[in-house]
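What follows is a short report on a single structure.
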Ligand SMILES: Cc1cc2nc3c(=O)[nH]c(=O)nc-3n(C[C@H](O)[C@H](O)[C@H](O)COP(=O)(O)OP(=O)(O)OC[C@H]3O[C@@H](n4cnc5c(N)ncnc54)[C@H](O)[C@@H]3O)c2cc1C
């Protein structure tokens, strides 16, 4: 077992923090805690940093939170493109949701690259999966799969859906498939044809779909199906095509169908959505959770990353003004109250029976999110 003697950052420090996970939330946590005066090292299980998935929908809330982390002057680097101009039902009619805030789309890799550059590659170590931790009177020892360990004053578990930190903190909190069943197919591809203005269609059988152009000129489409329990084992492209029929009435030129048809078979990514059960606490001693590790939810709310970035900001804010113990108490109380409301919005959206009803609830949620950015 090798003891690693430093977590990096040449700054006058209020203490040392190890962040488990170099996803968006881990990287944002590193920035936020550094602003609070801590020396921070990010430790990532994977051999390199690679955002999975394709595009990410962001709201004004996301932009506000990134600005609060000090990234305001660099936000042009992520080239957030306007996403959906409107919302349609299967007849093609526009759903009247005049107060729906505008959304934007970014390439996940581009946002991740910005965050890595802001944190500094020298402060991130890959191939370092956290497997255990142990607290003692003077701090916490964090143990890695390769047998190494290092000491710190605080461990932030931002290690995602299947967080090792969470399952040690709260035994029995393993992730599970979303109870109501949620399946997502998506792809990014070169596509020269006209993509129109970009509409999200809320279809029959709780199916939704959209296609939009990304900042690098490529085309991104997504098709989501709620309310179907069990795995969908068929070929992903064929399964997506089978469901796209829920989005239009009789028009075989429907744009999303055309784009799916043009997608190479092996470019279609399919996933069945898994979630983290609601947890009774977010911290214990010198360990605290953030992002999907604490609250991975069904992505029909389109804001898991946004909320995780908010976690990072709130955690840093509380640590800036308090000692570790009081800061974590305050952070936990704030987050539990916040996510109680997020879950209520998410449930209301999932239960909406008509496209118009869904959009009204979606709009209410996004307005609430934007208005209550931490
Ligand atoms: C289909 C889909 C669509 C979505 N769309 C949107 C959207 O449009 N807008 C939005 O805001 N959100 C969206 N989300 C949610 C969003 O993707 C997540 O909330 C967000 O990526 C979570 O970031 P994270 O950093 O918490 O976790 P992750 O991105 O999962 O990062 C966790 C990191 O920890 C690492 N790790 C794991 N275990 C360990 C360990 N033991 N030690 C060290 N490192 C470890 C992992 O390798 C990973 O790099 C969507 C989710 C899905 C599934």
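All of the numbers you see were taken from the coordinates with simple rules; none came from a lab. As the structure is a computational prediction, the values presented were derived from the model and not from experiment. When we count neighbours, we look across all protein chains shown, and the Cβ atoms used for this are built from the backbone with ideal geometry, even at glycine.
Computed quantities for the displayed model
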| item | result |
| --- | --- |
| For segment 179-272, the spread of Cα positions along each principal axis, largest first, Å | 37, 28, 21 |
| Highest-first arrangement of 151-159, 281-289, where packing means the average Cβ count within 10 Å | 151-159, 281-289 |
| Cα principal axis extents for segment 85-178, largest first, Å | 62, 35, 24 |
| Packing-based ranking, highest mean first, of 87-96, 176-185 given that Cβ atoms within 10 Å are counted | 176-185, 87-96 |
| Inter-centroid distance (Cα atoms) of segment 335-360 relative to segment 285-305, Å | 16 Å |
| Helix 24-35 vs. the chain, principal-axis angle (Cα, 0 to 90°, nearest 10) | 40 degrees |
| DSSP-defined beta bridges in the chain - what % are antiparallel, rounded to 5 | 70 percent |
| On Cα atoms only, tilt of 324-350 relative to the major axis of the chain in degrees | 10 degrees |
| Helix axis angle, 108-119 relative to the chain longest principal axis, alpha carbon, degrees | 20 degrees |
| Estimated translational D of segment 277-347 in µm²/s (Stokes, Kirkwood radius over Cα pairs; 25 °C; 0.890 mPa s) | 198 µm²/s |
| Kirkwood hydrodynamic radius (C-alpha pairs) into Stokes-Einstein, the chain, 20 °C and 1.002 mPa s, D in µm²/s | 100 µm²/s |
| Label point distance in nm, residue 197-residue 137, each placed 7 Å from Cα along Cα→Cβ | 6.9 nm |
| 222 nm mean residue ellipticity, helices alone, for the chain (DSSP H n ≥ 4; -39,500 (n - 2.57); rounded to 500) | -10000 deg cm²/dmol |
| Whole-number percent relative contact order across the chain, with pairs defined as alpha carbons under 8 Å at least 6 apart | 22 percent |
| Relative packing of 203-215, 70-82, which averages over residues the other C-beta atoms within 10 Å, highest first | 203-215, 70-82 |
| Ranked list, fewest to most other Cβ atoms within 10 Å of each Cβ, for 116, 42 | 116, 42 |
| Length-normalised contact order for segment 236-374 - Cα pairs under 8 Å, 6+ apart - percent | 17 percent |
| Using a Förster distance of 35 Å, the FRET efficiency for residue 337-residue 176 (Cβ separation, nearest 0.05) | 0.90 |
| Relative contact order of segment 179-272, pairs being alpha-carbon contacts under 8 Å that are 6 or more residues apart, as % | 38 percent |
| Ranking of 321, 143, 313 by count of other Cβ atoms within 10 Å, fewest first | 321, 143, 313 |
| For segment 231-284 versus segment 130-192, the gap between their alpha-carbon centres in whole angstrom | 25 Å |
| Least to most buried among 32, 175 (fewest other Cβ within 10 Å first) | 175, 32 |
